[in-house]
Amino acid sequence: MAEKELRPIIIKRIKKVADAHHSGAWKIAYADFVTAMMAFFLLLWLLGSVDAGKLEGIAEYFKTPLKVALAGGSSSGESAVVLKGAFLRNGQPAQKEAEKIARAAQERAEVTQMRALKEKLERLIDSSPQLSPFKKQLLIDMTSEGLRVQIVDEKNRPMFALSSAELQPYTREILRQIAPVLNELPNRITLSGHTDAHLYSTGDKNYSNWELSSDRANAARRTLVAGGLEEDRLMRVLGWSSAVLLDPEDALNPINRRISIILMNKRAEEAARNEGRRQSTAMPAD
């Protein structure tokens, strides 16, 4: 009886383990594997559907992607590169697109430089004792051709002696102070003289507002050069008479009498340089 009382009590605990086959983790791994295989076979199919020339273009792109994207790859074969979402063949369209992008970037930089120069000129006018009294006669703006500085007449303060190309002393001082600032950018310059619509009346039939506006433009040119402007920067010196009015509503307004200085952008400079090189268009035969 005593032996039965001393027998140890054994407790069996059964630990239940969840069956791994009922877990969803393997499904994610399998899905990734199937996706990768599908992409792999799709790539093999695509590579098998293109010719050797296109394969060379693709290989060239992955060797030097930036160079190919900008230059269009080699000129041989049927190389194709992707630029801005479009296939460009044989490098030619890609080259043109790259040049277009580079030109646009250059033009944006040029506009930024000209705006900075415009602000500098405005600060100079405000701070200079010689220029600030003539602030209303100094007009500075941006045009399609570039940065334009205009010196205009006021009713009781003309830039030139009456019916003459002789500069008034204060006009000469304005031009001399502006000249060094214009040297800060390498752009070429157009200088033009303008009159109002009053007929030139000195009795000389061979001299008109056309000659007067040209002579005034050249007088301004000489003063700018004397003030330090590099002479080879000047590309055109023009006399417009009253053909281009600042105030079209009043052809006799004194502000139409003016000197206009345009710091040309590259596009305007190229257009001016090519004026004499353009071939005339052949007229169709009757």
Task: So ASN187, is it touching a residue at least 40 places away in the same chain (Cβ under 8 Å) and in a helix (DSSP H, G or I) - done: no
Task: Unmet requirement for PRO254, which otherwise passes all of (1) buried (at least 18 other Cβ atoms within 10 Å of the Cβ); (2) within 29 Å of the chain's Cα centre (by Cα); (3) at pLDDT below 95 - done: (2)
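Of the residues ARG221, ARG216, ARG172, only one is in a helix (DSSP H, G or I), over 28 Å from GLU107 (Cα atoms) and in contact with a strand residue (DSSP E or B) (Cβ under 6 Å, 6 or more places away or on another chain); which?
On the way: ARG221 fails: over 28 Å from GLU107 (Cα atoms); ARG172 fails: in contact with a strand residue (DSSP E or B) (Cβ under 6 Å, 6 or more places away or on another chain).
Going through ARG221, ARG216, ARG172 in turn, just one is in a helix (DSSP H, G or I), over 28 Å from GLU107 (Cα atoms) and in contact with a strand residue (DSSP E or B) (Cβ under 6 Å, 6 or more places away or on another chain): ARG216.
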Task: Yes/no for TYR200 being crowded, with 16+ Cβ neighbours inside 10 Å, aromatic (Phe, Trp, Tyr) and over 36 Å from the mean Cα position of the chain (by Cα) - done: yes
TODO: Of all residues in segment 122-169, count the ones that are surrounded by 19 or more Cβ atoms within 10 Å (Cβ to Cβ) and part of a loop (DSSP other than H, G, I, E, B).
DONE: 3
- [ ] Search segment 222-245 for residues that are within 15 Å of ARG148 (Cβ to Cβ) and not assigned by TED's automatic domain parsing to the domain that holds SER192 and pair each with any residue that is surrounded by fewer than 16 Cβ atoms within 10 Å (Cβ to Cβ) and modelled with pLDDT of 95 or more when their beta-carbon atoms are under 8 Å apart and the residues are at least 6 apart or on different chains.
- [x] none
Open item on the list: I'd like the full set of residues that are at pLDDT 95 or above and over 26 Å from the mean Cα position of the chain (by Cα), limited to segment 258-286.
Closed with: ARG258, ILE259
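The values are calculated or read from the model by the stated rules, or taken from the named source; none is laboratory data. Everything numeric here is computed off the predicted structure, so don't read it as measured data. Cβ coordinates were reconstructed from backbone atoms using ideal geometry, including for glycine residues, and neighbour counts include every protein chain displayed.
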